[in-house]
1. What accessible surface, in Å², does a 1.4 Å probe find on A:Met83, ignoring ligands, DNA and RNA and rounding to the nearest 10?
2. Taking only protein heavy atoms and a 1.4 Å probe, what accessible area per residue, in Å², does the range A:54-117 have with all protein chains in place?
3. Counting pairs of alpha carbon atoms under 8 Å apart in space and at least six apart in sequence, what relative contact order in percent does the range B:45-110 give?
4. Using only atoms on other chains, find how many Cβ atoms lie within 10 Å of each Cβ of peptide B:42-54 and report the average.
5. Taking the solvent-accessible surface of protein heavy atoms with a 1.4 Å probe, what is the per residue accessible area of the range B:13-114 in Å²?
6. Over the Cα atoms of the range B:27-114, what radius of gyration and what Dmax do you get, in Å?
7. Quantify, in whole percent, the carbon and sulfur part of the accessible surface of chain B (1.4 Å probe; protein heavy atoms only).
8. Suppose we compare each residue of the range B:60-98 in its chain alone and in the full protein complex with a 1.4 Å probe; which ones drop by at least 30 Å² of accessible area?
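The values are calculated or read from the model by the stated rules, or taken from the named source; none is laboratory data. None of these values were measured; they are calculated from a predicted model. Cβ placement follows ideal geometry from the backbone for every residue including glycine, while neighbour counts extend to all protein chains displayed. Heavy atoms of the whole protein, side chains included, go into the accessibility calculation; ligands, DNA and RNA do not. Shrake-Rupley method; radii C 1.70, N 1.55, O 1.52, S 1.80 Å.
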Amino acid sequence: AQSVTQLDSHVSVSEGTPVLLRCNYSSSYSPSLFWYVQHPNKGLQLLLKYTSAATLVKGINGFEAEFKKSETSFHLTKPSAHMSDAAEYFCVVSGNAGGTSYGKLTFGQGTILTVHP
Amino acid sequence: KAGVTQTPRYLIKTRGQQVTLSCSPISGHRSVSWYQQTPGQGLQFLFEYFSETQRNKGNFPGRFSGRQFSNSRSEMNVSTLELGDSALYLCASSSLLTGNTEAFFGQGTRLTVV
(Lines give C-alpha, C1' and ligand atoms only; values in the text may rest on other atoms or scores of the structure.)
Protein backbone atom coordinates (compact mmCIF):
# COMPACT_ATOMS: atom_id res chain seq x y z
CA ALA A 1 0.00 0.00 0.00
CA GLN A 2 1.11 3.53 -0.60
CA SER A 3 0.35 6.81 1.11
CA VAL A 4 1.35 10.44 1.06
CA THR A 5 1.49 13.00 3.83
CA GLN A 6 1.52 16.70 3.14
CA LEU A 7 3.09 18.27 6.15
CA ASP A 8 1.38 21.66 5.95
CA SER A 9 -2.31 22.27 5.40
CA HIS A 10 -1.72 25.99 4.77
CA VAL A 11 1.32 27.92 3.57
CA SER A 12 1.38 31.68 3.30
CA VAL A 13 4.10 33.59 1.44
CA SER A 14 4.65 37.06 0.05
CA GLU A 15 4.84 37.63 -3.67
CA GLY A 16 8.41 37.25 -4.88
CA THR A 17 9.53 35.00 -2.00
CA PRO A 18 10.31 31.27 -2.26
CA VAL A 19 7.67 28.59 -1.93
CA LEU A 20 8.18 25.24 -0.21
CA LEU A 21 5.37 22.68 0.00
CA ARG A 22 6.36 19.49 1.80
CA CYS A 23 5.37 15.94 0.97
CA ASN A 24 6.46 12.60 2.41
CA TYR A 25 5.44 9.32 0.85
CA SER A 26 5.25 5.70 1.80
CA SER A 27 5.39 2.99 -0.81
CA SER A 28 6.29 -0.67 -0.93
CA TYR A 29 7.63 -0.24 -4.43
CA SER A 30 9.56 2.38 -6.35
CA PRO A 31 6.99 5.19 -6.28
CA SER A 32 5.35 7.09 -9.08
CA LEU A 33 4.90 10.59 -7.69
CA PHE A 34 3.09 13.65 -8.95
CA TRP A 35 2.15 17.15 -7.89
CA TYR A 36 -1.20 18.51 -9.02
CA VAL A 37 -2.66 21.97 -8.55
CA GLN A 38 -6.31 22.92 -8.17
CA HIS A 39 -7.45 26.50 -8.64
CA PRO A 40 -10.84 27.47 -7.18
CA ASN A 41 -13.73 25.92 -9.09
CA LYS A 42 -11.33 24.26 -11.49
CA GLY A 43 -10.21 20.71 -12.09
CA LEU A 44 -6.80 19.32 -11.23
CA GLN A 45 -3.81 20.18 -13.38
CA LEU A 46 -0.52 18.31 -13.41
CA LEU A 47 2.45 20.41 -12.28
CA LEU A 48 5.14 17.75 -12.57
CA LYS A 49 5.87 14.06 -12.17
CA TYR A 50 8.78 11.94 -10.98
CA THR A 51 9.95 9.58 -13.68
CA SER A 52 13.08 8.11 -12.02
CA ALA A 53 15.19 9.58 -14.82
CA ALA A 54 16.26 12.44 -12.56
CA THR A 55 15.76 13.23 -8.90
CA LEU A 56 15.19 16.94 -9.60
CA VAL A 57 12.05 17.35 -11.63
CA LYS A 58 11.06 20.54 -13.41
CA GLY A 59 7.42 21.33 -13.97
CA ILE A 60 5.25 24.07 -15.33
CA ASN A 61 5.17 27.67 -14.12
CA GLY A 62 8.64 27.50 -12.57
CA PHE A 63 7.89 24.74 -10.06
CA GLU A 64 10.39 22.02 -9.20
CA ALA A 65 10.40 18.99 -6.94
CA GLU A 66 13.24 16.90 -5.62
CA PHE A 67 12.86 13.18 -5.01
CA LYS A 68 14.85 12.04 -1.96
CA LYS A 69 14.58 8.32 -1.44
CA SER A 70 16.54 8.36 1.84
CA GLU A 71 14.06 10.84 3.31
CA THR A 72 11.01 9.48 1.43
CA SER A 73 10.23 13.04 0.43
CA PHE A 74 9.10 14.83 -2.71
CA HIS A 75 8.95 18.50 -1.75
CA LEU A 76 7.68 21.13 -4.20
CA THR A 77 9.52 24.42 -4.56
CA LYS A 78 9.41 27.62 -6.54
CA PRO A 79 12.06 30.36 -6.26
CA SER A 80 9.66 33.28 -6.48
CA ALA A 81 5.92 33.17 -5.78
CA HIS A 82 3.42 34.92 -8.01
CA MET A 83 -0.10 35.94 -7.10
CA SER A 84 -1.43 33.48 -9.67
CA ASP A 85 0.17 30.59 -7.71
CA ALA A 86 -2.50 30.88 -5.03
CA ALA A 87 -4.30 27.53 -5.15
CA GLU A 88 -4.45 24.14 -3.47
CA TYR A 89 -1.63 21.71 -4.19
CA PHE A 90 -1.77 17.94 -3.96
CA CYS A 91 1.04 15.45 -3.70
CA VAL A 92 -0.04 12.19 -5.32
CA VAL A 93 1.29 8.64 -5.57
CA SER A 94 -0.01 6.11 -8.03
CA GLY A 95 -0.52 2.45 -7.41
CA ASN A 96 2.61 0.67 -8.51
CA ALA A 97 2.20 -2.93 -7.49
CA GLY A 98 2.12 -3.90 -11.12
CA GLY A 99 0.34 -2.42 -14.09
CA THR A 100 -3.20 -3.13 -12.97
CA SER A 101 -2.82 -0.76 -10.02
CA TYR A 102 -1.61 2.25 -12.00
CA GLY A 103 -5.09 3.70 -12.27
CA LYS A 104 -5.48 4.24 -8.54
CA LEU A 105 -4.12 7.56 -7.32
CA THR A 106 -3.66 8.27 -3.63
CA PHE A 107 -3.80 11.96 -2.75
CA GLY A 108 -2.31 13.87 0.13
CA GLN A 109 -4.64 16.06 2.11
CA GLY A 110 -3.63 19.13 0.15
CA THR A 111 -1.79 22.35 0.95
CA ILE A 112 -3.51 25.67 0.41
CA LEU A 113 -1.02 28.24 -0.78
CA THR A 114 -1.81 31.89 -0.10
CA VAL A 115 0.28 34.58 -1.77
CA HIS A 116 0.24 38.08 -0.28
CA PRO A 117 1.06 41.16 -2.34
CA LYS B 1 -7.37 17.59 -28.37
CA ALA B 2 -10.54 17.75 -26.30
CA GLY B 3 -10.15 17.32 -22.56
CA VAL B 4 -12.09 15.22 -20.10
CA THR B 5 -15.75 16.17 -20.09
CA GLN B 6 -18.00 15.62 -17.12
CA THR B 7 -21.73 16.16 -17.14
CA PRO B 8 -23.64 17.62 -15.56
CA ARG B 9 -21.52 20.25 -13.81
CA TYR B 10 -24.00 20.76 -10.99
CA LEU B 11 -26.72 18.61 -9.47
CA ILE B 12 -29.11 18.98 -6.59
CA LYS B 13 -30.80 15.81 -5.38
CA THR B 14 -32.96 14.80 -2.44
CA ARG B 15 -32.00 12.19 0.12
CA GLY B 16 -33.02 8.72 -0.99
CA GLN B 17 -32.85 9.50 -4.69
CA GLN B 18 -30.27 8.11 -7.06
CA VAL B 19 -27.97 9.96 -9.42
CA THR B 20 -25.90 9.16 -12.50
CA LEU B 21 -22.81 11.14 -13.46
CA SER B 22 -21.10 10.92 -16.82
CA CYS B 23 -17.49 11.20 -17.92
CA SER B 24 -16.10 11.31 -21.46
CA PRO B 25 -12.34 10.67 -21.44
CA ILE B 26 -9.73 11.99 -23.79
CA SER B 27 -9.84 10.18 -27.10
CA GLY B 28 -7.66 7.08 -27.00
CA HIS B 29 -7.55 6.83 -23.23
CA ARG B 30 -8.78 3.49 -21.94
CA SER B 31 -8.54 4.13 -18.20
CA VAL B 32 -11.16 6.17 -16.39
CA SER B 33 -11.08 6.66 -12.65
CA TRP B 34 -13.42 8.45 -10.27
CA TYR B 35 -12.69 10.44 -7.13
CA GLN B 36 -14.79 12.06 -4.45
CA GLN B 37 -13.61 15.37 -3.04
CA THR B 38 -14.99 16.73 0.23
CA PRO B 39 -13.61 19.34 2.65
CA GLY B 40 -13.34 16.79 5.44
CA GLN B 41 -11.98 13.73 3.65
CA GLY B 42 -10.10 15.34 0.80
CA LEU B 43 -9.76 13.42 -2.47
CA GLN B 44 -10.67 9.76 -2.21
CA PHE B 45 -10.47 7.10 -4.89
CA LEU B 46 -13.78 5.52 -5.84
CA PHE B 47 -12.98 3.11 -8.66
CA GLU B 48 -11.12 2.70 -11.92
CA TYR B 49 -12.22 1.16 -15.18
CA PHE B 50 -9.98 -0.06 -17.95
CA SER B 51 -11.38 -1.44 -21.18
CA GLU B 52 -14.86 -1.83 -19.65
CA THR B 53 -13.57 -3.77 -16.61
CA GLN B 54 -13.40 -2.47 -13.07
CA ARG B 55 -9.79 -2.99 -12.05
CA ASN B 56 -9.54 -1.12 -8.78
CA LYS B 57 -12.07 -0.15 -6.15
CA GLY B 58 -11.85 2.19 -3.19
CA ASN B 59 -13.46 1.85 0.22
CA PHE B 60 -16.94 3.06 -0.56
CA PRO B 61 -20.25 1.35 0.11
CA GLY B 62 -22.03 -0.64 -2.56
CA ARG B 63 -24.36 2.31 -3.21
CA PHE B 64 -21.55 3.67 -5.35
CA SER B 65 -21.18 1.88 -8.64
CA GLY B 66 -19.90 2.54 -12.10
CA ARG B 67 -19.45 1.21 -15.55
CA GLN B 68 -17.50 1.87 -18.69
CA PHE B 69 -18.73 1.56 -22.24
CA SER B 70 -16.92 0.30 -25.31
CA ASN B 71 -16.09 3.89 -26.34
CA SER B 72 -14.41 4.36 -22.91
CA ARG B 73 -17.08 6.76 -21.66
CA SER B 74 -17.89 6.05 -18.05
CA GLU B 75 -20.79 6.59 -15.71
CA MET B 76 -20.99 6.40 -11.97
CA ASN B 77 -24.17 5.88 -10.07
CA VAL B 78 -25.01 6.61 -6.47
CA SER B 79 -28.20 5.07 -5.13
CA THR B 80 -30.14 5.98 -2.00
CA LEU B 81 -28.38 9.31 -1.64
CA GLU B 82 -27.30 10.50 1.79
CA LEU B 83 -26.45 14.02 2.90
CA GLY B 84 -22.82 12.93 3.24
CA ASP B 85 -22.65 12.16 -0.46
CA SER B 86 -22.57 15.89 -1.18
CA ALA B 87 -19.21 16.40 -2.83
CA LEU B 88 -17.29 17.27 -5.95
CA TYR B 89 -16.93 14.14 -8.07
CA LEU B 90 -13.92 14.15 -10.34
CA CYS B 91 -13.22 11.90 -13.26
CA ALA B 92 -9.74 11.28 -14.64
CA SER B 93 -8.62 9.62 -17.82
CA SER B 94 -5.25 8.20 -18.69
CA SER B 95 -3.55 6.11 -21.32
CA LEU B 96 -1.73 4.36 -18.43
CA LEU B 97 1.20 3.33 -20.57
CA THR B 98 3.38 3.23 -17.45
CA GLY B 99 2.98 3.84 -13.75
CA ASN B 100 3.95 7.47 -14.12
CA THR B 101 1.65 8.29 -17.01
CA GLU B 102 -0.28 11.34 -15.94
CA ALA B 103 -4.01 11.41 -15.38
CA PHE B 104 -6.09 14.22 -16.89
CA PHE B 105 -8.98 15.47 -14.81
CA GLY B 106 -12.34 16.87 -15.73
CA GLN B 107 -13.89 19.94 -14.10
CA GLY B 108 -16.00 17.75 -11.87
CA THR B 109 -19.66 17.40 -11.02
CA ARG B 110 -20.77 19.23 -7.89
CA LEU B 111 -23.45 17.10 -6.21
CA THR B 112 -25.56 18.60 -3.44
CA VAL B 113 -27.89 16.31 -1.51
CA VAL B 114 -30.65 18.05 0.43
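1. Roughly 80 Å² of A:Met83 is accessible to a 1.4 Å probe.
2. Accessible area per residue: 44 Å².
3. 20 percent
4. 3
5. Computed with neighbouring chains in place, this is 43 Å² per residue.
6. Reported Rg and Dmax, both Å: 13.0, 41.
7. Ligands and nucleic acids excluded, carbon and sulfur give 48 percent.
8. By number: B:Leu96.
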